[in-house]
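Structure first, then comments.
The values are calculated or read from the model by the stated rules, or taken from the named source; none is laboratory data. The model shown is predicted, which means the values in this text are computed figures rather than measured ones. All Cβ positions, glycine included, derive from the backbone under ideal geometry; neighbour counts span all protein chains shown. Ligands, DNA and RNA are excluded from the accessible area calculation, which covers all protein heavy atoms including side chains. Shrake-Rupley method; radii C 1.70, N 1.55, O 1.52, S 1.80 Å.
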Amino acid sequence: MVTLSRRVQSVSLSANAAARQLTRQLKEQGVDILDLTTGEPDFDTPQHIRQAAVAAMEAGETRYTPTNGTTPLRKAVLSKLKNENQLDYELAQICIANGAKQIIFNAFAATLNEGDEVIVPVPYWPTFPDSVRFNGGEAVLLECPLEQEYKLQPQQLAQAITSKTRWLVLNNPGNPSGMVYSADELTALATVLRDHPDVLIMLDELYEHILFDGREHVSLLHVAPDLAERILLVGGVSKTYAMTGWRIGFGAGPKALIDAMVVVQSQNSSGASAISQAAAVAAYNGGLDFLPPQRTAYQDRRDAIMTFLKPVQEIDVLNPDGAFFIFCRCAGLLGKTRPDGQKIESEQDVMNYLLESGVSGVAGSAYGLSPYFRLSIATDIATVREAGRRIAQACAALS
């Protein structure tokens, strides 16, 4: 009999992955299901990036890599941060990992002791609280519902910070909400943080380039550069460059923190793939000329599905400003009766009904907020439009 650790029992498998697996199983059985579960770009990795990977293989770049990342990639990240983000770092402040998830895990593993607290705004990306728990910390969850546009408020933050607080997590643009903090909103949070110099800040900005309606990305590092010595910036190639399967993320932050994170990584995975790192160099050095049409496509998909969702009185939804998700509150569906006479009494009942109506999403409980659900628009516009039509039709059939 295998006895599992308390830590592994405190976390769970990804709800996103579970929803996608169920969808795949139903499709294999011939069920007509539109899959809006996964936050993965449907575009191909740009050709010049793929070519760089092939060239690296042909050149024999297939060996172990330095734990903190190859020098060419770390230099490419430095250049990206300076040219795209107007942020200055030194090479020793950059580390590379097997995706942004590992950067996050390494940071918590390197800094948390039993009982330390990490403030996580809700809704959240599930990796944040689960990585905290796995590393012995306590996730302090602060609800940020639709009424406050899913954004953490300064007074919430001020009230939540205690002597045990080690980190604040800020995901901007946000998954699953698609919210984007303004410069003024970030400035207000920075004012609170200045009163608590021992609190570290984790900035997850993976969706920085997927913004709508002409918005420009603003980072906490832009409005509060004085906080840089306690900020870990988390980035990667997965969303902007459609490179989810290449598994490359980076961390940029204080050297002491980066050094400790590299120690953690040296004992759990060592360096990231040599081929993937060569491809990431080409990504960061190759410019963003390919991106505007993709960003336009995401915005068109957002607008297409919102055309169907906004008129549905039982669903509350805000126009996302970035990322590629629609986060819907479905409290108005609770208590309704389906055409087959069954009552909808819970968020899971809503998800089951939508699934039977031909649309697969992810329940809001996966992101800490119920009753809500998340839809991904990282698929073709015809699928997104048809999914919106099916959801609206299913809601109209309720009594």
**Q.** Nearest-20 debye value, the range 244-399 charge dipole, Cβ charges on Lys, Arg, Asp, Glu
**A.** 60
Q) If you stretched the chain out fully between ILE381 and ALA256, how much longer would it get, using 0.36 nm times the residue separation minus the C-alpha to C-alpha distance? A) 40.4 nm
Q: Can you figure out the FRET efficiency of GLU114 with GLU143, using R₀ = 25 Å and their beta-carbon distance, to the nearest 0.05?
A: 0.50
Q.
Can you give me the angle between helix 255-268 and the longest principal axis of the chain, using Cα atoms only, in degrees from 0 to 90, rounded to the nearest 10?
A. 70
Q: For GLY236, list long-range residues whose amide hydrogen, built 1.01 Å from N in the peptide plane, is under 5 Å from its own amide hydrogen.
A: PHE250
Q. Sorting ASP289, ASP300 by accessible area (1.4 Å probe), largest first, what list results?
A. ASP289, ASP300
**Q.** Whole-number accessible area per residue in Å² for the range 346-399, which is evaluated in the context of all protein chains at 1.4 Å
**A.** 32
Q. Hey, can you rank 153-165, 99-111, 72-84 by average C-beta count inside 10 Å, highest first?
A. 99-111, 72-84, 153-165
(Q) Per-residue counts of other Cβ atoms within 10 Å, averaged by peptide: what ranking do you get for 202-212, 332-342, 306-316, highest first? (A) 202-212, 306-316, 332-342
Q. Of LYS75/LYS239; LYS239/LYS343; LYS101/LYS336; LYS27/LYS310; LYS101/LYS255, which sit over 30 Å apart, Cα to Cα?
A. LYS239/LYS343; LYS101/LYS336
Q) Using alpha carbon centroids, what distance separates the range 163-180 and the range 44-73, in Å? A) 31
Q. Considering only the other residues whose Cβ falls under 13 Å of the Cβ of ASN85, what net charge follows from Lys and Arg at +1 and Asp and Glu at -1?
A. -3
Q.
Among THR191, PRO311, TYR89, which residue has its Cα furthest toward the positive end of the charge dipole of the chain, with +1 on Lys/Arg Cβ and -1 on Asp/Glu Cβ?
A. TYR89
Q. Over the range 275-399, what percent of the accessible surface lies on carbon and sulfur atoms, probe 1.4 Å?
A. 48
(Q) Rounded to the nearest 10 Å², what accessible area does ASP195 have for a 1.4 Å probe in the complete protein model? (A) 110
Q. Within the accessible area of the range 170-230, what % is carbon and sulfur when the probe is 1.4 Å and the other protein chains stay in place?
A. 51
Q | Karplus-derived HN-Hα couplings along the range 131-144 (A = 6.51, B = -1.76, C = 1.60, θ = phi - 60°), whole Hz, x at Gly and Pro | A | 5, 4, 5, 5, 9, x, x, 10, 7, 9, 8, 10, 5, 10
Q) Among 169-182, 355-368, 264-277, what's the highest-first ranking by average C-beta atoms within 10 angstrom per residue? A) 169-182, 355-368, 264-277
Q) Where does helix 47-58 land angle-wise versus the long Cα axis of the chain, in degrees 0 to 90, nearest 10? A) 50
Q. If you stretched the chain out fully between LEU398 and GLU58, how much longer would it get, using 0.36 nm times the residue separation minus the C-alpha to C-alpha distance?
A. 116.5 nm
Q) Could you give the nm distance between label points at GLN29 and ASP289, where each point is 7 Å from its Cα heading toward the beta carbon? A) 4.9
Q. Under a 5 Å amide H to amide H cut-off, with H placed in plane at 1.01 Å, what residues pair with VAL140 once short-range neighbours are removed?
A. VAL118, ILE119, VAL120
Q | Between helix 381-396 and the chain: long-axis angle, C-alpha atoms, 0 to 90°, nearest 10 | A | 40
Q | Hydrodynamic radius of the range 153-245 per Kirkwood, over alpha carbon pairs, in Å | A | 14.0
(Q) Could you work out what % of the accessible surface of the range 51-163 is carbon and sulfur, using a 1.4 angstrom probe and leaving DNA, RNA and ligands out of the count? (A) 48
Q.
Quick check for me: using +1 on Lys/Arg Cβ and -1 on Asp/Glu Cβ, what's the dipole size of the range 62-133 about its Cα centre, in debye to the nearest 20?
A. 460
Q) When only Cα pairs under 8 Å and 6 or more residues apart are kept, what is the percent relative contact order across the chain? A) 23
(Q) Taking 0.36 nm per residue of sequence separation and subtracting the Cα-Cα distance, how much length would be gained by fully extending the chain between ALA92 and ASP340, in nm to one decimal? (A) 83.1 nm
